[in-house]
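The values are calculated or read from the model by the stated rules, or taken from the named source; none is laboratory data. Remember, it's a predicted structure, so these values are computed and weren't measured experimentally. Positions of Cβ are generated from backbone atoms using ideal geometry, with glycine treated the same way; all protein chains shown enter the neighbour counts.
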C-alpha cells in the first residue's frame, strides 16, 4: 500500500484564476500604454550613453586637489544636519503630543495631525526650493528645510508611540489629582524616552544624507559644492565629492546603528 503524500502549496494572493490573470493582463497593458504614450526622446536617450561615457571618462581618476572646498562643504553639511535635527526633534515633541489621540482633545489632535501631514506632503527638495526663494541661498535654507523634514518623520512616529503607551500610570496619576504637565513628565515621558532617543539618532543620520541632496538646489552644504563642480565640468572633483558623501553616510549608518542597538 503506497502512502499518500500531501504537499503544501502556497495559496495565491487572488484565489480566482480569472480575476488573477485579468489583473496581470491589466497591469501589463497599463505599462505598455504608459511607455508608448510618454514623450520620451529615444534618439536623445541613445545619445545620452555617449555623454555619460564622457562624464565617467572625465571623472577618473578622482581629484582631491581642492580638498579645502570639500572639507568646508562637508563641515557645513554636518552643521546643517545637527542644527536641523536639534530643532526638528525639539519641535516634534509638542506636535507629537498634539497628534496623539489618547492625550490631546479632538480639535488639538486634528491640528497636530494636520501639521504632520503638511510636513510629510512635500519632498525635501521642493521645500528647499521654497526656502531658498524665501531666505536666499545658503545653509539657513537647508536648516529650515530639514527641520520640516524632521517634523514629518519624528512627530509621526513619536505620536504613534504615545498612542501605544500603557494607560495605567497615566490613569493612576490623574486619579491622584496630578496636573496635566506632571502626568506628561512622570507617566508618559518615561515610556517614550527610549523611542525618542532612537528617533533622534536616526533622524540625524537621515538629515546628514538629505543635506547633500537639498544643497544641490542652493541650500548649502556639500551638495552645493557638488552642484558647482558639475557646473564647471570638474567631473573628477565631483567624483571625489561623491566618494566622500558615500563614505560619510556609511560611517554614519554604522555609528547610528551601533548606538540604536545599545539603547534597544
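Does residue 89 count as out of contact with any strand residue (DSSP E or B) (no Cβ under 8 Å at 6 or more places or on another chain) and within 14 Å of residue 196 (Cα to Cα)?
Taking the combined requirement at face value, the residue satisfies it.
Could you check how many residues of the stretch 225-247 are at pLDDT below 80 and under 18 Å from residue 84 (Cβ atoms)?
So the answer is 0.
Among the residues of the stretch 206-233, how many are surrounded by fewer than 19 Cβ atoms within 10 Å (Cβ to Cβ), more than 14 Å from residue 73 (Cα to Cα) and touching a residue at least 12 places away in the same chain (Cβ under 8 Å)?
The total comes to 1.
Check 183, 188 and return the single one that is farther than 25 Å from residue 150 by Cα and either touching a residue at least 40 places away in the same chain (Cβ under 8 Å) or crowded, with 19+ Cβ neighbours inside 10 Å (or both).
183
Of all residues in the stretch 13-40, which are outside any helix (DSSP H, G or I) and within 32 Å of the chain's Cα centre (by Cα)?
Selection gives 13, 38, 39, 40.
Enumerate the helices (runs of 4 or more DSSP H) found wholly within the stretch 78-164, keeping only those where 3 or more residues are under 14 Å from the mean Cα position of the chain (by Cα).
Fully inside the stretch 78-164 and qualifying: 106-121, 124-135, 139-150.
Please enumerate the residues belonging to the stretch 44-62 that are surrounded by 13 or more Cβ atoms within 10 Å (Cβ to Cβ) and within 30 Å of the chain's Cα centre (by Cα).
55, 59, 62 - these are the residues of the stretch 44-62 that are surrounded by 13 or more Cβ atoms within 10 Å (Cβ to Cβ) and within 30 Å of the chain's Cα centre (by Cα).
Find the helices (runs of 4 or more DSSP H) located wholly in the stretch 187-264 whose residues include 1 or more that are more than 24 Å from residue 56 (Cβ to Cβ) and touching a helix residue (DSSP H, G or I) at 6+ places or on another chain (Cβ under 9 Å), and list them.
So the answer is 189-214, 235-263.
So residue 61 passes all but one of these: (1) assigned to a helix (DSSP H, G or I); (2) touching a helix residue (DSSP H, G or I) at 6+ places or on another chain (Cβ under 8 Å). Which condition number does it fail?
(1)
Quick check on my filter: what residues within the stretch 92-106 are in contact (Cβ under 8 Å) with a residue 12 or more places away in the chain, surrounded by fewer than 20 Cβ atoms within 10 Å (Cβ to Cβ) and touching a helix residue (DSSP H, G or I) at 6+ places or on another chain (Cβ under 6 Å)?
Residues satisfying the conditions are 101, 102.
Regarding the stretch 41-48, can at least one residue be identified that is in a loop (DSSP other than H, G, I, E, B), at pLDDT 80 or above and under 30 Å from residue 235 (Cα atoms)?
no
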